[in-house]
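Scroll down for the structure; my scribbles are underneath it.
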2 protein chains.
Amino acid sequence: MTDEQLPSALPETARTRHRRLREQGSRERARLDAVLEAGFLCHLGVVIDGTPMVVPTVYGSDGRHLYFHGSVASRSLVASPEAAVCVTVTHVDGLVLARSVFEHGVNYRSAMIYGVPRLVTDPEEKLAGLWRLTEQAAPGQWDYARQPNRKELAATALLALSLEEASVKIRTGAPEDGDGPDAALGIWAGVLPLNSTWGEPEADPLLPTGIAPPAHIAARGNTPAD
Amino acid sequence: MTDEQLPSALPETARTRHRRLREQGSRERARLDAVLEAGFLCHLGVVIDGTPMVVPTVYGSDGRHLYFHGSVASRSLVASPEAAVCVTVTHVDGLVLARSVFEHGVNYRSAMIYGVPRLVTDPEEKLAGLWRLTEQAAPGQWDYARQPNRKELAATALLALSLEEASVKIRTGAPEDGDGPDAALGIWAGVLPLNSTWGEPEADPLLPTGIAPPAHIAARGNTPAD
C-alpha cells in the first residue's frame with residue numbers, strides 16, 4: 001500500500017483514449033470516484049483459454065484500488081491475478097427517446113478499469129479491503145455483523161486492482177435530434193428515467209421475533225440506490 | 001436464420017458447467033429467456049490484443065439470438081465478429097444481510113452467453129434485429145418514432161449471438177446462516193431489496209408545447225423496470 005495520491009487527471013493510454021463519442025469521455029478522477037462510489041456491483045472481464053468471461057461481482061473502492069473477492073476455488077479469480085482484467089461499473093439512468101430510432105440511446109454513467117490485479121496477502125490490507133467491500137454495499141454492516149474469523153479469511157481471495165488506468169463515460173440529458181429535420185415530425189421526445197431505490201428490509205423468516213433491523217439498514221428503505 | 005427451436009435444456013459445456021454454487025445454477029432455457037427479457041443492457045466482453053474489454057451495450061433477444069449493435073467504427077464491435085465473446089446480463093434484486101460478514105451476498109439473476117457473434121448482413125434480419133433491440137428497451141417506439149433510413153442502416157453494425165451456449169445463475173431469499181451457530185448472536189438478518197422503476201417521462205426542452213408522450217411511454221411511469 002502507498003499513501004501517494006493518484007494524479008487528478010486520468011492518464012490517457014491506447015485503451016482509455018476515447019476513439020468515439022469524445023464528448024462523452026472524461027478523464028477526471030473525481031468523476032471516476034463518483035461512478036465507483038455510486039455502486040457496489042461490477043462486471044469483471046477475464047480471459048480464460050483465450051476467450052473472454054464476464055462475471056458480475058461486488059467490489060469496494062478506496063479511490064486508489066478497486067477490491068473484489070471470491071472463493072479461493074473460483075475459476076475467474078484464480079485466472080485473474082497476474083493476468084489482465086477489465087472491470088466495468090455501469091449505472092443506467094434512463095432511456096433517451098428521440099424522434100428517430102437511430103438517435104435512441106441510454107443515459108448512463110460507466111467506468112472501465114484496466115490492469116493486472118494483485119492478490120492481497122498482507123493481513124492488514126486484506127481486512128481493510130474486505131471492510132471497504134462490505135461497507136460499499138451496506139454501510140454500517142461491518143461493525144454490526146460478526147466479522148470474519150481466521151478460517152473465513154483463509155477461504156476468501158481478495159484482489160486489488162489499481163485505479164491508475166481507467167476511463168469514464170457519462171451521457172446525460174435530452175436526445176440530440178431536437179434541432180434537426182426530424183424535429184418537424186411532431187414526435188414526442190425526451191427521457192424516460194430509470195430509478196434504482198432500496199425497498200423496505202425483509203426479515204429472514206428464521207429470525208426470532210423482537211430483533212428489529214438496525215438503524216443503518218432501516219433508514220435506507222425507499223432511498224435512492226445510486 | 002433458422003426456425004428450429006433451441007432445446008429446452010441448456011447444453012452443458014466446460015464453460016457453462018457450474019463449478020461452484022451448483023445449487024444456484026440453472027440450465028433451463030425458460031429461465032435464460034426470463035433473465036434476458038427482463039433487461040435491455042448487457043456487458044459485452046471481448047479480447048483485444050490479448051486483454052479483455054468489457055463494454056456496456058443495449059441488446060435485444062428473440063429467444064434464439066441476442067442482438068447487439070453499434071457504430072461500424074466501434075472498436076469492440078469490429079473485434080467481435082469471428083472472435084469469441086461473452087455477454088453477461090445481470091439484475092441485482094437485493095442485498096443479503098447475514099449474521100456474519102462472510103455470509104453476506106447479493107440476490108441476483110444473471111445470464112452468461114458464450115459464442116462467436118455473426119455480423120448480420122441480410123437486410124430483413126437486420127431490420128428484425130434492430131426492431132427487437134428497440135422494442136426490448138422501449139416497447140412501442142419502433143412504430144412510433146421515425147424508422148432507420150438506408151444511410152442510418154449502413155452506419156449501424158448489427159451482430160447476432162446464438163443463445164445455444166449459455167448459463168443462468170439466480171440467487172433468491174434469505175441468508176444462509178439462520179440455522180447455524182451465528183443465529184444465537186441476536187443480529188438482525190434478512191434482505192434489503194433493490195428495486196428498479198421507471199420514472200415519469202421528461203420532455204426534451206426543445207419539444208414544442210402540445211406534444212404529449214405517447215401512451216406506451218406515459219403508461220410506464222412508476223412501473224417496475226425489471
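No lab work stands behind these numbers, since they all come straight from the coordinates. None of these values were measured; they are calculated from a predicted model. Positions of Cβ are generated from backbone atoms using ideal geometry, with glycine treated the same way; all protein chains shown enter the neighbour counts.
Values for this structure:
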{"read-out": "Spin-label model distance (nm) - B:E37 vs A:D179, 7 Å beyond Cα toward Cβ", "value": "4.3 nm"}
{"read-out": "Charge dipole of region B:22-194 about the Cα centre (unit charges at C-beta), most positive-ward option of B:P148, B:A83, B:V120", "value": "B:P148"}
{"read-out": "Charged-residue dipole, Cβ positions (Lys, Arg, Asp, Glu), region A:114-211 about Cα centre, Debye nearest 20", "value": "500 debye"}
{"read-out": "Nearest-20 debye value, region A:155-201 charge dipole, Cβ charges on Lys, Arg, Asp, Glu", "value": "140 debye"}
{"read-out": "Likely footprinting exposure, A:F102, B:F68, fewest C-beta neighbours within 10 Å first", "value": "A:F102, B:F68"}
{"read-out": "Cα-centre dipole for region B:22-194 with unit charges at Cβ (Lys and Arg positive, Asp and Glu negative), debye to 20", "value": "440 debye"}
{"read-out": "Least to most buried among A:D226, B:D49, A:D177 (fewest other Cβ within 10 Å first)", "value": "B:D49, A:D226, A:D177"}
{"read-out": "Given charges at Cβ of Lys, Arg, Asp, Glu: region B:84-226 dipole, positive-most of B:L206, B:A98, B:G178", "value": "B:L206"}
{"read-out": "Cα centroid separation, region B:112-150 to region A:187-210 (Å)", "value": "31 Å"}
{"read-out": "Fewest-first ranking of A:H69, B:H65, using other Cβ atoms within 10 Å as the exposure measure", "value": "A:H69, B:H65"}
